[in-house]
Amino acid sequence: MNDGLLMIERMVIESLSKKEKNIQEIEIDTNLSHGLLLNILPNLLMRNMIRYRSGIYSIDKDHCFEWLSEVNKKENVKEEAREIFSSLVNQYFKKETQFSSQNGPQLKIQKVWLTREEELILKSHMATLEGFFNGVKEARKYHPQREKTCEQRVVVWGLSHYSDLIEGVLQAV
């Protein structure tokens, strides 16, 4: 992923997009180890994504338009999505999970034949879910919460024909 971001790099960028921070504040907000941050931050500095002044890291606003469109290109976001899915599946199937079923990763996959009406109902539920998330994001703009970047939830949902998924797998081979 040359021009894209790793999931951990995006997390640091998202953390700094809320406000500038020192390394300890980034560590608390992201729950990433100090050592890992010491490896990630210089890379983001070299790529002109962040700045460092007097112990404080911030988004490099002078250069962000140069790299923002690049990291958000379809191929780069596609690679990040693969990383997210892979991590979610690995966490879900981890044998010795430290999570309880309520707080740990949840992964639900259903194969079901739907009538036209049932598919319309499903799409309606998906639209409602999308509206819910958009409403939450909008509410955070006006009523921000003291939340850590690492405590965000990642929710994945989608819909496809089984045959289209199989065709996609065969094309990847």
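The values are calculated or read from the model by the stated rules, or taken from the named source; none is laboratory data. Bear in mind that the values here come from a model prediction, so they are computed numbers and not experimental data. With ideal geometry, Cβ positions are generated from the backbone for all residues, glycine too; neighbour counts draw on all protein chains shown. With ligands, DNA and RNA removed, areas are computed over all heavy atoms of the protein, side chains included. Shrake-Rupley method; radii C 1.70, N 1.55, O 1.52, S 1.80 Å.
Within segment 90-125, take every residue that is at pLDDT below 85 and of a type in the set (A, V, I, L, M, F, W, C) and give me the one that is nearest to L165 (Cα to Cα). Here the residue is L107. The residue that is nearest to A81 (Cα to Cα), counting only those in segment 20-38 that are open to solvent by 20 Å² or more (accessible area, probe 1.4 Å) and touching a Ser or Thr at 6+ places or on another chain (Cβ under 8 Å), is E27. Give segment 126-164 a look and list any residue that's open to solvent by 100 Å² or more (accessible area, probe 1.4 Å), modelled with pLDDT under 90 and either in the same structural domain as I26 (by the TED database) or assigned to a helix (DSSP H, G or I) (or both), or say none. Those that are open to solvent by 100 Å² or more (accessible area, probe 1.4 Å), modelled with pLDDT under 90 and either in the same structural domain as I26 (by the TED database) or assigned to a helix (DSSP H, G or I) (or both): K141, Y142, Y162. With respect to (1) farther than 26 Å from R153 by Cβ; (2) without any contact (Cβ under 8 Å) to a residue 60 or more places away in the chain, the lone exception for F93 is condition (1). Against the conditions (1) in a helix (DSSP H, G or I); (2) open to solvent by 60 Å² or more (accessible area, probe 1.4 Å), N76 satisfies every one except (2). Pairing residues of segment 100-115 that are under 19 Å from V154 (Cα atoms) with residues that are modelled with pLDDT under 75 and not polar (S, T, N, Q), at Cβ distances under 8 Å and at least 6 apart in sequence or on separate chains, gives P105/F99.
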